[in-house]
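Beneath this line is the structure, given in structure tokens, with notes to follow.
Each reported figure results from applying straightforward, stated rules to the coordinates on display, with no laboratory input. Quick caveat: nothing in here was measured; it's all calculated off a predicted structure. Cβ placement follows ideal geometry from the backbone for every residue including glycine, while neighbour counts extend to all protein chains displayed.
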Amino acid sequence: MTKADIVNEIAKSTGVEKAAVQQTVEAFMDAIKTSLVNGESVFLRGFGSFITRTRAQKTARNITKGTAIVIPEHSIPSFKPAKVFMNEVKDSKNTKK
């Protein structure tokens, strides 16, 4: 499902114009991005949490040059689904068989 599909689905189920839904979805994603950039987590009860994880420094190899490079410690965005959400997904796989 793409962002356009999500916008269409919300517009269809709520009766709100697609342009307004598009702006809302964009604002929602911008708010999450801004929070994560500022080091804040976003918690959506019953859905999950958008958090930042820290990856440790590591040594990697540049295979074309045969040299070692150091990748410094850095943060990456991550999503941790809520238990309720995970259970719904697990149960939906079991009922489709």
Check: Counting only residues 5 or more places away or on other chains, whose amide H sits under 5 Å from the amide H of Ser75 once H atoms are built in the peptide plane?
Finding: Arg55
Next item on the list: Could you point to the residue in Ile10, Gly66, Ile51 farthest towards the positive end of the stretch 1-82's charge dipole, with +1 and -1 charges on the Cβ of Lys/Arg and Asp/Glu respectively?
Entry: Gly66
Next item on the list: Identify which of the listed values of Kirkwood radius over Cα pairs in Å was calculated from the structure shown: (i) 18.6; (ii) 12.9; (iii) 16.9.
Entry: (iii)
Notebook entry, point to check: Using Cα atoms only, what is the angle between the long axis of helix 83-95 and the major principal axis of the chain, expressed in degrees (0 to 90) to the nearest 10?
Noted result: 70 degrees
Check: Full extension from Lys90 to Ser49: what is 0.36 nm times the residue separation minus their Cα-Cα distance, to one decimal in nm?
Finding: 12.9 nm
Next item on the list: Note the angle between two axes, namely the Cα long axis of helix 3-14 and the longest principal axis of the Cα atoms of the chain, as a number of degrees from 0 to 90, rounded to the nearest 10.
Entry: 20 degrees
Check: For the charge dipole of the chain, defined by +1 on Lys and Arg C-beta atoms and -1 on Asp and Glu C-beta atoms about the Cα centroid, which residue among Gly39, Thr24, Phe85 has the Cα displaced farthest towards the positive pole?
Finding: Phe85
Notebook entry, point to check: How long is the gain from Gln23 to Ile63 if the chain were fully straight, where each residue apart is worth 0.36 nm and the alpha carbon distance is subtracted?
Noted result: 10.0 nm
Item checked: Beta bridges by DSSP in the chain, antiparallel share as percent, to the nearest 5 -> 100 percent
